[in-house]
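Laboratory data are not the source of any read-out in this text; all were calculated from the coordinates shown. For clarity, every value in this text was computed on a predicted model and none was experimentally measured. Don't worry about glycine lacking a Cβ; one is built from the backbone with ideal geometry, like all the others, and counts go over all protein chains shown.
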Amino acid sequence: MDVIIFEDTVRYDRWVRVMLAFPVLLLVVLGVLFFLDGQGYDIFPRERAKESMVGSAAMLGVVVFTLILYSMIIPRSIAVAQDGVVLRFRAFSWKIPFRKIKAISSGTLGPSWRAQNFATSFRGLVEIVKTNGARIRVSPSRPDLFLEYATRALEEWRTYHPDGLLP
């Protein structure tokens, strides 16, 4: 069990919320239209009722799949533990140990080939640079406070583990 020093939620910009909601709403509207066409409202005149019902079920199935996918790939919170940074998703959590972190700093959304981008906001972006050169970008709701706790915990961990190895 990790000792959590600081935990913060993820900040979402308004445009990110719109971009995430648009495909879901589009698929729901199409699913309802296909369902109504299958019930005899003849919205799509050349479509048979059975095919419309299958299309409706497929659209609503894709909505469920999209929502599950969102819950798996968008972090819910970001925590600083005693020995690493933890990204918490709905179904699991991913811990990045301090021994694999080179630096934690405020970052930019510039292109990078070796970046895992979990950023949901342009303001207050935090970049975790790993020792192998890969970068992880996140958007805590209070980036200054998160950076303060994360850098302090990283420095403290390095003073007690100068060779970079866990006890």
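The table below gives the values:
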item: Net charge contributed by nearby residues that have their C-beta within less than 13 Å of R152 (K/R +1, D/E -1); result: -3
item: Rounded Å value of the spacing that divides the Cα centres of segment 101-156 and segment 2-40; result: 25 Å
item: Cα-based convex hull volume of segment 14-73 per residue, rounded to whole Å³; result: 72 Å³
item: For segment 83-157, the Rg and Dmax computed from alpha carbons only, in angstrom; result: 11.7, 31
item: Ellipsoid equivalent to segment 1-110 - semi-axes via the Cα gyration tensor, in Å; result: 44, 14, 10
item: Degrees, to the nearest 10: 143-160 long Cα axis against longest axis of the chain; result: 40 degrees
item: In segment 3-93, the GluC sites (Glu not before Pro) that fall in loop regions by DSSP, at most 15 other Cβ within 10 Å; result: E47
item: Partner lysines for K130 [C-alpha distance under 18 Å; skip if fewer than 8 residues away on the same chain]; result: K95, K100, K102
item: Exposed-site-free run, longest, the chain (rule: chymotrypsin sites (Phe, Trp or Tyr not before Pro); DSSP loop; at most 15 other C-beta within 10 Å); result: 13-88
item: Percent of beta bridges antiparallel (DSSP, the chain, rounded to nearest 5); result: 90 percent
item: Distance cut-off 17 Å, percentage of C-alpha pairs in segment 115-162 lying past it; result: 42 percent
item: 20 Å reach of a label modelled at A134, 7 Å along Cα-to-Cβ, counting backbone N of segment 76-91; result: 76-81, 83-91
item: The chain: most fluctuating residue of P111, P143, P23 per GNM, C-alpha cutoff 10 Å; result: P111
item: Straight-distance crosslink candidates among aspartates and glutamates, where the alpha carbon sits under 20 Å from K50 and sequence neighbours closer than 8 are dropped; result: D37, D42
